[in-house]
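Heads up: the structure comes next, in structure tokens.
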Amino acid sequence: MDASMSSHALSGLNFSKSNTADVTRDRSLHACELPRQSSWRSGTTGRTFQNLKLDTSAHNRNLAAKTFCSAEACIHPLSAIESPSHVEEDKVGVLLLNLGGPDTLNDVQPFLYNLFADPDIIRLPRLFRFLQQPLARLISTLRAPKSKEGYASIGGGSPLRKITDEQADALKMALEAKKVAANVYVAMRYWHPFTEEAVQQIKRDRIKKLVVLPLYPQYSISTTGSSVRVLQDLFREDKVLSRLPVAIIQSWYQRGGYVNSMADLIEKELQSFGSPDEVMIFFSAHGVPVSYVRDAGDPYKDQMEDCIYLIMQELKARGINNDHKLAYQSRVGPVQWLKPYTDEVLVELGKNGVKSLLAVPVSFVSEHIETLEEIDMEYKELALESGVENWGRVPALGCTSTFITDLADAVIEALPSAAAMTTDTTVSEASSFKQNPAGFAIKMLLGSFLAFIALLVFPAFKNQNV
Ligand SMILES: C=CC1=C(C)c2cc3[nH]c(cc4nc(cc5[nH]c(cc1n2)c(C)c5CCC(=O)O)C(CCC(=O)O)=C4C)c(C)c3C=C
Ligand SMILES: [Fe+2]
């Protein structure tokens, strides 16, 4: 990628902290011990960028454990690469996509800025897109004090980078155990190591085939969708990368390895209660605004419900028949989010006489602020105040060996479907800045003014739920 293209792609991000990120995982770091064999059913959805259609029928139980790939990707996996015989053996790369989190309290506001500047997080109508950055600046500044308190209470920063690095190391080792030598890279959406940094490293390493693996079990426009869009922009603008065969695993909540690993954790944690049979299994998923599902066709809710169904089926097969409930946490801003809301359900359950509750975070596979602070502190306190007497929480999967080994299988299954990305002639907003800087400056000024008005109109952004 040449320098100008690179700066285009980076122009929307706040790189307040210089950081030569270690995006490739060193083989010598041993994060987890892994078994040599795995025998889980598989259900990877490996599709290429041009086939990035959302599958909104995921609630159809038949979809579970089925392998998807585009006809083009499967039948002509290498059609778009020039691969002269002298080129070194296929060098495989795996790119883990994740959200990223502030390393220190000073990073909190710029991290939040990057998050709110993402048009997949605050989805403004096209006409108002010029407001995105000024709005992001305002909201991040207003929210930063409360977020800082949260991060301070969990040790002064997000544990996400460290855990994701450990998962990358573990995945590399699991692949090696299956005789696949691969470099594993980490690409964070809102903090270091940024996607752009990881992509540069992939290019420098002359990777010949890439599997993209989001660390979100379920697909959402706001998570996997957003990260893939950034990748798509970076690859489209680069001669070499646009020819690189890529397979994207869109979601993997339906894989046996994930479902079984979650069931294992739940089964184990239930044993810590005096009367395990009487415990309510309480799944708490990160929410998204209702409009994502209703208007934009986000399959997140369907996939979440399907995911809970599969985990409960697995528990039933083990003779565990506890009651369960799904609710959505972490809503932000003045709009309606997926319901029921975790805080409201906890109060209701407590009032209705539920005495033992096991919280299961289900939309993310690492510990993070929303498990360590929101669930372990805020929700626990609320539940106990509401009448719940026994509280437990299932840990995030992290480097659980059965889980990581299954991710390695998912990567291996996706490899044959890797195909070059389509070239798209859409002009990005970043290039419109380059073409018309004066117009851009006017928009920014006007945007700041309108953002100020928006702040007055949506005072909820100043409140606790922002
Ligand atoms: C599947 C997981 C997630 C979805 C879906 C998601 C959507 C989403 N998030 C926000 C706003 C915020 N998210 C924040 C942190 C955060 N979000 C996720 C996961 C999902 N977000 C994680 C794992 C984390 C924690 C990262 C860490 O540092 O540990 C934050 C910042 C934290 C805070 O201030 O509370 C915000 C803000 C929106 C608006 C959204 C969908 C539109
Ligand atoms: Fe979030």
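The values are calculated or read from the model by the stated rules, or taken from the named source; none is laboratory data. All figures in this text were calculated on a predicted structure; none of them were measured in a lab. We place every Cβ from the backbone using ideal geometry, glycine too, and count neighbours over all the protein chains shown. Only protein heavy atoms, including side chains, enter the accessible area calculation; ligands, DNA and RNA are left aside. Shrake-Rupley method; radii C 1.70, N 1.55, O 1.52, S 1.80 Å.
Quick one: which residue in A419, A396, A383 is surrounded by 22 or more Cβ atoms within 10 Å (Cβ to Cβ), of a type in the set (A, V, I, L, M, F, W, C) and at pLDDT 95 or above?
Matching residue, one of A419, A396, A383: A383.
Search the range 208-229 for residues being over 24 Å from L338 (Cβ atoms) and not charged (D, E, K, R), and hand back the single one that is nearest to the chain's Cα centre (by Cα). I'd like the intermediate steps shown before the answer.
To start, the set of residues in the range 208-229 that are over 24 Å from L338 (Cβ atoms) comprises 208-213.
Subsequent filtering for residues that are not charged (D, E, K, R) retains 210-213.
Numbers: L210: 18, V211: 16, V212: 12, L213: 10 Å.
Within the range 208-229, the match that is nearest to the chain's Cα centre (by Cα) is L213.
Restricting to the range 228-282, name every residue that is under 29 Å from R189 (Cβ atoms) and among the aromatic types (F, W, Y).
Residues satisfying the conditions are F235, W252, Y253, Y258, F282.
Taking the options L99, L138, name whichever one is in the same structural domain as Q250 (by TED's automatic domain parsing) and within 12 Å of ligand 1 (Cβ to nearest atom).
That would be L99, the only listed residue that is in the same structural domain as Q250 (by TED's automatic domain parsing) and within 12 Å of ligand 1 (Cβ to nearest atom).
So is R255 open to solvent by 10 Å² or more (accessible area, probe 1.4 Å) and among the basic types (K, R) or not?
Taking the combined requirement at face value, the residue does not satisfy it.
Give E370, E389, E413, E374 a once-over and let me know the one that is over 30 Å from L97 (Cβ atoms) and either modelled with pLDDT of 95 or more or within 16 Å of ligand 1 (Cβ to nearest atom) (or both).
E389
Can you tell me which residues in the range 255-295 are within 16 Å of ligand 1 (Cβ to nearest atom) and not in a helix (DSSP H, G or I)?
Residues of the range 255-295 within 16 Å of ligand 1 (Cβ to nearest atom): 258, 262, 283-295.
F283, S284, A285, H286, G287, V288, P289, D295 - these are the residues of the range 255-295 that are within 16 Å of ligand 1 (Cβ to nearest atom) and not in a helix (DSSP H, G or I).
Restricting the search to the range 88-106, which residues are modelled with pLDDT of 95 or more and open to solvent by 10 Å² or more (accessible area, probe 1.4 Å)?
Answer for the range 88-106, where residues must be modelled with pLDDT of 95 or more and open to solvent by 10 Å² or more (accessible area, probe 1.4 Å): V92, L99, D103, T104, L105, N106.
Under 6 Å between Cβ atoms, which residue pairs at least 6 apart in sequence (or on different chains) link something in the range 227-251 that is free of Cβ contacts under 8 Å to residues at least 24 places away in the same chain with a partner that is surrounded by fewer than 23 Cβ atoms within 10 Å (Cβ to Cβ)?
As it stands, the answer is none, since no pair meets every condition given.
Among the numbered criteria (1) more than 30 Å from S401 (Cα to Cα); (2) modelled with pLDDT of 95 or more, which single criterion is violated by L124?
(2)
Being part of a loop (DSSP other than H, G, I, E, B) and open to solvent by less than 40 Å² (accessible area, probe 1.4 Å) is true for just one of D298, D306. Which residue is that? Can you show your working first?
Working: D306 fails: part of a loop (DSSP other than H, G, I, E, B).
Exactly one of D298, D306 is part of a loop (DSSP other than H, G, I, E, B) and open to solvent by less than 40 Å² (accessible area, probe 1.4 Å), namely D298.
Which condition number in (1) among the aromatic types (F, W, Y); (2) more than 16 Å from ligand 1 (Cβ to nearest atom); (3) in the same structural domain as P416 (by TED's automatic domain parsing); (4) open to solvent by 10 Å² or more (accessible area, probe 1.4 Å) is the one that F235 fails?
With (1) among the aromatic types (F, W, Y); (2) more than 16 Å from ligand 1 (Cβ to nearest atom); (3) in the same structural domain as P416 (by TED's automatic domain parsing); (4) open to solvent by 10 Å² or more (accessible area, probe 1.4 Å) applied to F235, the lone miss is (4).
At least 1 residues that are among the small types (G, A, S), within 20 Å of the chain's Cα centre (by Cα) and within 16 Å of ligand 2 (Cβ to nearest atom) in each: list the helices (runs of 4 or more DSSP H) lying fully within the range 115-207 that qualify.
Per the criteria, 132-153.
For every residue, the table says whether it meets (1) touching a helix residue (DSSP H, G or I) at 6+ places or on another chain (Cβ under 9 Å); (2) assigned by TED's automatic domain parsing to the domain that holds G100.
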position: K351; (1), (2): no, no
position: K355; (1), (2): yes, no
position: V360; (1), (2): yes, no
position: E374; (1), (2): yes, no
position: M377; (1), (2): yes, no
position: L382; (1), (2): yes, no
position: A410; (1), (2): yes, yes
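Could you count how many residues in the range 350-365 are in contact (Cβ under 8 Å) with a residue 24 or more places away in the chain and either open to solvent by 20 Å² or more (accessible area, probe 1.4 Å) or within 13 Å of ligand 2 (Cβ to nearest atom) (or both)?
Here the count works out to 7.
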